[in-house]
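The values are calculated or read from the model by the stated rules, or taken from the named source; none is laboratory data. All of these numbers come straight from a predicted model, not from anything done at the bench. In this analysis, Cβ positions are derived from the backbone assuming ideal geometry, glycine residues included, and neighbour counts consider all displayed protein chains.
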Amino acid sequence: MRAIVWVALAVVLVAQQAEAGRKTNGACGSANGAPTASVPTANLCAVGSAGAVSGAGPWSWVCNGSGNGHKNAKCAAPKMQAPPPPPPPLSLSITFVPLAPSIAGTTAPGTVVAHVDARWSDGTPFTGSLTFGPPYGNDGGRFALSGRDVIVNPSGAGLSDVVGTARQITLQTQ
């Protein structure tokens, strides 16, 4: 009976020694290299146990292996970058060319006397429609808009003065 007990004990000791000699290297999990906004807590290690996560972004941790001669894996996750701020709003610049045209009193109705140039602050042209708007939209004056041209008003309804200010024009985007 004693021989059987010693044999069984010897088998258990050999199995435990074999298990203790078996090495398992640590391996990073899917959190490794994945940008994140806050400290990663899940999927730190695919193999092994995770050490404490350190840092304030990027974050780092170790996946500890086990057994004699094992290797630990060093893992890290970068901090997710904030999206860039939106671009500043565009402003519109409206100019009359020439700004103060010289117009004879006998200029025929429909004659182009100036051109309206409307551009956004990034230099792209305004593609909507331009009309004279309140409070100057119809003061019975001499000038009107035809597309982007200032003309001598053929209908008698328009502006009394051609001065290049935005308050005299209504813009409608298309």
Query raised in the report: Does Ser38 satisfy being at pLDDT below 95, among the small types (Gly, Ala, Ser) and surrounded by 11 or more Cβ atoms within 10 Å (Cβ to Cβ)?
Result: no
Query raised in the report: Any idea which residue in the stretch 114-131 is surrounded by the most Cβ atoms within 10 Å (Cβ to Cβ), counting only those that are of a type in the set (Ser, Thr, Tyr) and assigned to a loop (DSSP other than H, G, I, E, B)?
Result: Ser121
Query raised in the report: If you scan the stretch 88-113, which residues turn out to be in a strand (DSSP E or B) and touching a residue at least 40 places away in the same chain (Cβ under 8 Å)?
Result: Leu92, Ile94, Thr95, Phe96, Val113
Report task. Pull up the stretch 63-92, narrow it to residues that are small (Gly, Ala, Ser), touching a Ser or Thr at 6+ places or on another chain (Cβ under 7 Å) and surrounded by 12 or more Cβ atoms within 10 Å (Cβ to Cβ), then point me to the one that is modelled with the lowest pLDDT. Result -> Gly67
Report summary line: Those residues of the stretch 76-105 that are under 36 Å from the mean Cα position of the chain (by Cα), farther than 17 Å from Ala118 by Cα and hydrophobic (A, V, I, L, M, F, W, C) come to a total of 4
**Report entry** Qualifying positions in the stretch 98-113 - of a type outside the set (S, T, N, Q), at negative phi and surrounded by 12 or more Cβ atoms within 10 Å (Cβ to Cβ)
**Finding:** Pro98, Pro101, Ile103, Pro109, Val112, Val113
Query raised in the report: How about the stretch 41-57: which of its residues are of a type in the set (A, V, I, L, M, F, W, C), surrounded by 13 or more Cβ atoms within 10 Å (Cβ to Cβ) and in a loop (DSSP other than H, G, I, E, B)?
Result: Leu44, Val53
Requested in this report: Test Ser60 against the stated conditions and say whether it is assigned to a strand (DSSP E or B) and either more than 30 Å from Gly147 (Cα to Cα) or modelled with pLDDT of 90 or more (or both).
Outcome: yes
